């Protein structure tokens, strides 16, 4: 029988990877995220938690049915121009 995992294991995983931000989604809702420590958006790990197991999300925007996703402000955008109203204003975060 497979062991089921939850958010308590994420804190241990996050401690091993302090320069990465881990985000976890259940359905289309973000349910957990670790602290963001880097200036670059390339150090993130997005996971889906379903039935006690984690799956990697390669493209968060596609997973959330959006064209773009900003890992810094954690919001979806339908076009790049919409991101200019973002409080973070980070131009390299379109995924």
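Any read-out appearing in this document is the output of simple, stated calculations on the displayed coordinates, not a laboratory observation. Remember, it's a predicted structure, so these values are computed and weren't measured experimentally. We place every Cβ from the backbone using ideal geometry, glycine too, and count neighbours over all the protein chains shown.
Using 1/(1 + (r/R0)^6) with R0 = 30 angstrom and r between the beta carbons of residue 80 and residue 5, what's the FRET efficiency to the nearest 0.05?
Working: r = 36 Å, r/R0 = 1.19.
Efficiency for this residue pair is about 0.25.
What is the stretch 7-66's relative contact order, in percent, from Cα pairs under 8 angstrom and six or more apart in sequence? Don't skip to the end; give the middle numbers.
Values: 78 pairs, mean separation 16.3, N = 60.
Answer for the stretch 7-66 is 27 percent.
State the antiparallel share, in %, of DSSP beta bridges confined to the stretch 7-66, rounding to the nearest 5. Intermediate values should be presented prior to the final figure.
Numbers: 8 of 13 bridges.
Taking every DSSP beta bridge within the stretch 7-66, about 60 percent pair in antiparallel fashion.
Please arrange 50, 81 by counting, for each residue, the other beta carbons lying within 10 Å of its beta carbon, fewest first. Walk me through the numbers on the way to the answer.
Values: 50 11, 81 8.
Lowest to highest Cβ neighbour count: 81, 50.
Is the shape of the stretch 7-66 best called rounded, prolate or oblate, per the rule: a/c under 1.5 gives rounded, else a/b larger than b/c gives prolate, else oblate, with a ≥ b ≥ c the square roots of the Cα gyration tensor eigenvalues? Please list the in-between numbers first.
Details: a/c = 2.20, a/b = 1.18, b/c = 1.87.
Oblate, since a/c reaches 1.5 and b/c is not below a/b.
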